[in-house]
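Structure first, commentary second.
The values are calculated or read from the model by the stated rules, or taken from the named source; none is laboratory data. In this text, all values refer to a predicted model and were calculated from it rather than measured experimentally. All Cβ positions, even for glycine, are placed from backbone atoms using ideal geometry, and neighbour counts span all protein chains on display.
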Amino acid sequence: MTAETLSRRDWLGLIARAPLPLLEALWPDDPPPFDWLRRPETGAMMVQGRAGAVGAGFNLGEVSVTRASVRLQCGAIGHALVQGRSPRKAERAAVLDALLQTAAAQDVHARVLVPLQEAECAARETRARRAAATKVDFFTMVRGEG
């Protein structure tokens, strides 16, 4: 999936998964002024799991999350829900969400989402290579009878 075809759900997930230092590095030089609709709030959320991704859901445990909502001067509203206790990351994510709903969306796609997507793919490939390096192939030799 290319950055240009990302749905809002996809870009919110991509931004939320991004490490804060990378978001800071990609942050626009002249961020737009905004008003808080909901200042960053940290709380806990129950995480559910499913056996084999198809079984009945069960409560896995709680995770810390931070949420925020902003309104840009043009009227665009952005929301964020990020894992962890980072008000700054929630702010950045909410502002980026709002920007992606304005005329600046193409520029934000190119300057922020494409590098985030590339970094996420590179990290995924690195994890896969590390996992592949530890793979052990087991096989059974058939012994002759007699």
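Step by step: first the residues of the range 66-89, then only those that are in contact with a helix residue (DSSP H, G or I) (Cβ under 9 Å, 6 or more places away or on another chain) and part of a helix (DSSP H, G or I), then the one that is surrounded by the fewest Cβ atoms within 10 Å (Cβ to Cβ). Which residue is that?
So, considering only residues that are in contact with a helix residue (DSSP H, G or I) (Cβ under 9 Å, 6 or more places away or on another chain) and part of a helix (DSSP H, G or I), the one surrounded by the fewest Cβ atoms within 10 Å (Cβ to Cβ) is 88.
Is there a residue in the range 45-56 that is part of a strand (DSSP E or B), among the small types (Gly, Ala, Ser) and touching a Lys or Arg at 6+ places or on another chain (Cβ under 8 Å)?
No, because not a single residue in the range 45-56 is part of a strand (DSSP E or B), among the small types (Gly, Ala, Ser) and touching a Lys or Arg at 6+ places or on another chain (Cβ under 8 Å).
Here are the criteria: (1) surrounded by fewer than 19 Cβ atoms within 10 Å (Cβ to Cβ); (2) farther than 17 Å from residue 13 by Cβ; (3) of a type in the set (Val, Ile, Thr); (4) modelled with pLDDT of 95 or more. Tell me which single one residue 63 does not satisfy.
The number of the failed condition is (2).
So which residues in the range 12-25 are out of contact with any Leu (no Cβ under 6 Å at 6 or more places or on another chain), touching a residue at least 12 places away in the same chain (Cβ under 8 Å) and of a type in the set (A, V, I, L, M, F, W, C), if there are any at all?
12, 16, 20, 22, 23
Name the single residue, out of those in the range 26-51 being without any contact (Cβ under 8 Å) to a residue 12 or more places away in the chain and more than 15 Å from residue 95 (Cα to Cα), that is surrounded by the fewest Cβ atoms within 10 Å (Cβ to Cβ).
Residue satisfying both the conditions and the ranking: 51.
Residues of the range 93-136 being in a helix (DSSP H, G or I), within 18 Å of residue 74 (Cβ to Cβ) and of a type outside the set (A, V, I, L, M, F, W, C), which ones?
The answer is 97, 106, 107, 109.
Please work out if residue 83 is among the polar types (S, T, N, Q) and at pLDDT below 95.
So residue 83 does not fit the description; no.
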